Amino acid sequence: MKTDLFIKNMVCPRCIKVVKSVLEATPLTVTDMQLGKATVEGKVTEQQLQAISVALQAEGFLLIDDKKQQLVAAIKNIVVETVHYSELDEMRENFSSLLAGKLQKDYHYLSSLFSEMEGVTIEQYIIQQKIERVKELLDYNELSLSEISYKMGYSSVAHLSGQFKKVTGLTPSQFKQVKTPKRIPLDKL
């Protein structure tokens, strides 16, 4: 028997390492780790869950036990993984199909649940994540705005610039000139 543990605020490969080390400090055997979810061997007792919850909270993570919250966390993890760790210019399906397929749920149900629980639509969340990724790429200063636009799957530089200004209040050029901290941690979106 295996037990899935759903964990909020896992947004990067480093988060997976931290959560794995927390779980490996328990008598449980970790069989699988991915963004937002850890699978352990056997049944987890209530006492073990409490200890894991406390240890995860100390590292900035939350154990999720509500099914709806687990589904929202899964949506967020798929969006973060897709936007930040894959090539959007090579994406062959839209996000609604991707989410419905990976989660085996109707997209309209996922969309209304997400909006109800998060106060923003899935589309708005995707845009927020894409803009954070664009900010990161602008900070690196390795790609032109045209290359960033293509890499992020935008139809044009104008489309990217318009969305960027709508979200940040700045054009990409103005953003590059601002010297104050300007990026938002992914787990805060």
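The values are calculated or read from the model by the stated rules, or taken from the named source; none is laboratory data. Computed from a predicted model, the values in this text were never measured in an experiment. Virtual Cβ from ideal backbone geometry, glycine too; neighbours counted across all protein chains shown. For accessibility, only protein heavy atoms count, side chains too; no ligands or nucleic acids. Shrake-Rupley method; radii C 1.70, N 1.55, O 1.52, S 1.80 Å.
Each Lys and Arg Cβ is given +1 and each Asp and Glu Cβ -1; about its Cα centre, the chain then shows a dipole of about 460 debye.
Taking amide H atoms as placed 1.01 Å from N in the peptide plane, the amide H of Glu59 has no partner under 5 Å among residues 5 or more positions away or on other chains.
Simple point charges give the picture: +1 on the Cβ of Lys and Arg, -1 on the Cβ of Asp and Glu, and for region 61-153 a dipole about the Cα centre of about 240 debye. The residues packed around Ala55, meaning those with a beta-carbon under 13 Å from its beta-carbon, carry a net charge of -1 if Lys and Arg are +1 and Asp and Glu are -1. Put simply, the amide H of Tyr154, placed in the peptide plane, has no neighbours under 5 Å, leaving out anything fewer than 5 places away on its chain. A simple rule links phi to the HN-Hα coupling: the Karplus curve 6.51 cos²θ - 1.76 cosθ + 1.60 with θ = phi - 60°, which for region 119-132 gives x, 9, 7, 4, 4, 5, 5, 4, 4, 4, 5, 4, 5, 4 Hz, with x for Gly and Pro. Computed over protein heavy atoms with a 1.4 Å probe, the accessible surface of the chain works out to 57 Å² per residue. For the chain, carbon and sulfur atoms together expose 51% of the accessible surface, with a 1.4 angstrom probe and every protein chain in place. Each residue of region 69-75 is assigned a 3J(HN,Hα), and the resulting list reads 5, 4, 5, 5, 4, 5, 4 Hz, derived from the Karplus form 6.51 cos²θ - 1.76 cosθ + 1.60 (θ = phi - 60°), x at Gly and Pro.
Let me check I've understood the local charge: for Gly101, count other residues with C-beta under 15 angstrom from its C-beta, Lys and Arg +1, Asp and Glu -1. What total comes out? Net local charge, Gly101 excluded: 0. Working note: 222 nm ellipticity from helices only, DSSP H runs with n ≥ 4, each -39,500 (n - 2.57), summed and divided by the residues of the chain, gives -18000 deg cm²/dmol to the nearest 500. Dipole of region 72-189 computed with +1 at Lys/Arg Cβ and -1 at Asp/Glu Cβ about the Cα centre; of Asn141, Ser173, Met91, farthest Cα towards the positive end is Ser173. Cβ-Cβ distance of Lys68 and Lys2, R₀ of 25 Å, FRET efficiency by 1/(1 + (r/R0)^6): the value works out to about 0.70. Legend: distances between Cα atoms for Lys76/Lys176; Lys68/Lys166; Lys102/Lys176; pairs beyond 32 Å are Lys102/Lys176.
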